[in-house]
Amino acid sequence: AVVSVKQALSGSIEAGDKVTVRGWVRTRRDSKAGLSFVNVTDGSCFDPIQAVAPATLANYDSEIKHLTAGAGVIVTGTLVPSQGKGQAFEIQADAVEVTGFVDDPETYPIQPKQHSMEFLREVAHLRPRTNLFGAVTRVRHTMMTAIHRHLTEQGFFWINTPIITTSDAEGAGDMFRLSTLDLANLPRTPDGKIDFRKDFFGREAFLTVSGQLNVEAYCLAMGKVYTFGPTFRAENSNTPRHLAEFWMVEPEIAFADLAANADCAEAFLKAIFKAVLEERPDDMAFFAERVQPDAVSRLEAFISQPFERIDYTEAVEILRKSGQKFEYPVAWGIDLQTEHERYLAEKHIGRPVVVMNYPEAIKAFYMRLNDDEKTVAAMDVLAPGIGEIIGGAQREERLDYLDRRMAQFGLDPMTYGWYRDLRRYGTVPHAGFGLGFERLLVYVCGLSNIRDAIPYPRAAGTAEF
Ligand code: 4AD
Ligand code: MG
């Protein structure tokens, strides 16, 4: 039977059975006794399986002895308990079919040694063949499926929100514009502006920065919903934390206030980490050994402790009294910077913290104004080692307040007519949050750059592959 390396190594197949494993050569070693040991990976699990190829195989001299790292092979043989340490089974090969040799093995980019992350980014099409990227990719999958599973168990529906949009959900102004217009011959309005009404959609269109506004509409009909897909931000910040294209999961809950929202975010993060620990022990052991010594223990600690909750105003007080020299000076009204967030989560509190009720002037237009009229019901979840991973809020459900906030932000009520409708027709309190998926993956795997948490990173100046 054709089996995966994972199946072959797991003991789910009995020793003595004939199996076929298909994959790529990790290493080949020849023994003096006229045997070759060919390690094969197929991505299904961290470990490769060893195939023992005897010199009696018909293509032994012509092919097997020329196998190098990266070659494609189909190995058929008998699964036997392995004498080698660290592996339960190996394959006594009857046949090793070579589907593709590696042209010029000396220049094959993925050599059996440790490569720098910078180098591997230049070969993004081949880096999934390394131990590290295999592990990152499996953990990424486990986290994504855990998100869907957890939210489904909690009664959420997955809503697919558009990638092409005409509204700016975050008001941050870092959107990618979409256009089919001929740059050499742009249509103009009488006052000289580009006339986007002549473009494909009859108006200006962008790649979405967040599915939130759209998902709110479904929340106000279906109760508990989430959107999970790629989002785009033309942030020029060339940092290890920002991508131009990243995945965001955004749950939205009707009849929820900020405290219920924070509860939901806490349970959500813990469920993801629990799934990773349960389902990817081999990959996590690798990260702990090679990348981040406390990769496993810090997830365990994260799961076992309640998150702290503090108000923004209290956070500012803590930072001011900390005696720390921050690059960006602390004062009530500032947007907390990564250095502040990390100080709070790591040094002061030592576990994840939800900071709530931020100054209204620094937060998005849709956030609910608190009774003090100075703060909004916003929350950020900050974690040791990362800073902000989740941003969320209770939404402004009162039309008059929303209109005031929109005017303050200079937003056109016409563009947001449908969003206003949600407050005109049966408005209810509701709240939600957004998790930057790659930021979480960076944390789980202990990576130092977010460009290694997505198969094909897009950032300012980087869009190959
Ligand atoms: O805090 P943000 O901007 O919140 C929103 O977009 C809300 N609409 C979410 C909601 O309430 N439904 O972004 C949410 C998260 C951040 O906490 C961060 O983890 C991540 O998205 N994020 C990025 N991740 C990678 N690259 C970037 N350029 C990111 N910008 C934000
Ligand atoms: Mg934010």
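The values are calculated or read from the model by the stated rules, or taken from the named source; none is laboratory data. Keep in mind the model is a prediction, meaning the values are calculated, not measured. Neighbour counts run over all protein chains shown; Cβ positions are idealised from the backbone, glycine included.
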*Would you check which residues across segment 401-447 are among the β-branched types (Val, Ile, Thr) and modelled with pLDDT of 95 or more and list them?*
THR427, VAL428, VAL442, VAL444
*On the given criteria, is GLY202 in contact with a Lys or Arg (Cβ under 7 Å, 6 or more places away or on another chain), at positive phi and exposed (fewer than 15 other Cβ atoms within 10 Å of the Cβ)?*
no
_Within segment 348-364, take every residue that is within 14 Å of ALA383 (Cα to Cα) and assigned to a loop (DSSP other than H, G, I, E, B) and give me the one that is nearest to the chain's Cα centre (by Cα)._
PRO352
*In segment 398-436, which residues are of a type in the set (A, V, I, L, M, F, W, C), surrounded by 15 or more Cβ atoms within 10 Å (Cβ to Cβ) and either away from ligand 1 (no atom under 16 Å from the Cβ) or farther than 17 Å from GLY173 by Cβ (or both)?*
LEU402, LEU422, ALA431, PHE433, LEU435
_Scan segment 95-102 and tell me whether some residue there is assigned to a loop (DSSP other than H, G, I, E, B) and free of Cβ contacts under 8 Å to residues at least 60 places away in the same chain._
yes
*When segment 368-392 is examined, which residues are found to be surrounded by fewer than 23 Cβ atoms within 10 Å (Cβ to Cβ), modelled with pLDDT of 95 or more and among the aliphatic types (A, V, I, L, M)?*
LEU369
_Odd one out for GLU373, checked against (1) more than 15 Å from ligand 1 (Cβ to nearest atom); (2) on the phi < 0 side of the Ramachandran plot_ = (2)
*Residue within segment 85-96 that is surrounded by 14 or more Cβ atoms within 10 Å (Cβ to Cβ), of a type in the set (Asp, Glu) and under 37 Å from the mean Cα position of the chain (by Cα) present*: yes
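Residues checked against (1) away from ligand 2 (no atom under 15 Å from the Cβ); (2) outside any loop (DSSP other than H, G, I, E, B):
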residue	(1), (2)
LYS325	yes, no
TYR343	yes, yes
GLU346	yes, yes
ASP372	yes, no
ALA378	no, yes
GLY385	yes, no
*What number of residues within segment 76-94 are under 18 Å from CYS45 (Cα atoms) and either free of Cβ contacts under 8 Å to residues at least 60 places away in the same chain or of a type outside the set (A, V, I, L, M) (or both)?*
6
*asked:* Checking GLN111 against (1) modelled with pLDDT of 95 or more; (2) closer than 25 Å to ALA53 by Cβ, only one condition comes out false. Which one?
replied: (1)
*ASP47: out of contact with any strand residue (DSSP E or B) (no Cβ under 6 Å at 6 or more places or on another chain) and under 25 Å from ASP282 (Cβ atoms), yes or no?*
yes
_When you check GLU63 against the structure, is it surrounded by 15 or more Cβ atoms within 10 Å (Cβ to Cβ) and charged (D, E, K, R), yes or no?_
yes
_Matching strands (runs of 3 or more DSSP E) fully within segment 169-278 where at least 2 residues are under 20 Å from GLY434 (Cβ atoms), modelled with pLDDT of 95 or more and not hydrophobic (A, V, I, L, M, F, W, C)_ = 224-232, 245-254
*Index of the failed condition, ASN236 passing every other in (1) surrounded by 13 or more Cβ atoms within 10 Å (Cβ to Cβ); (2) of a type outside the set (Phe, Trp, Tyr); (3) more than 16 Å from ligand 2 (Cβ to nearest atom); (4) in contact (Cβ under 8 Å) with a residue 24 or more places away in the chain*: (1)
*Mind listing just one residue for me: the one in segment 438-447 that is of a type outside the set (A, V, I, L, M) and more than 8 Å from ligand 1 (Cβ to nearest atom) and, of those, farthest from the chain's Cα centre (by Cα)?*
GLY446
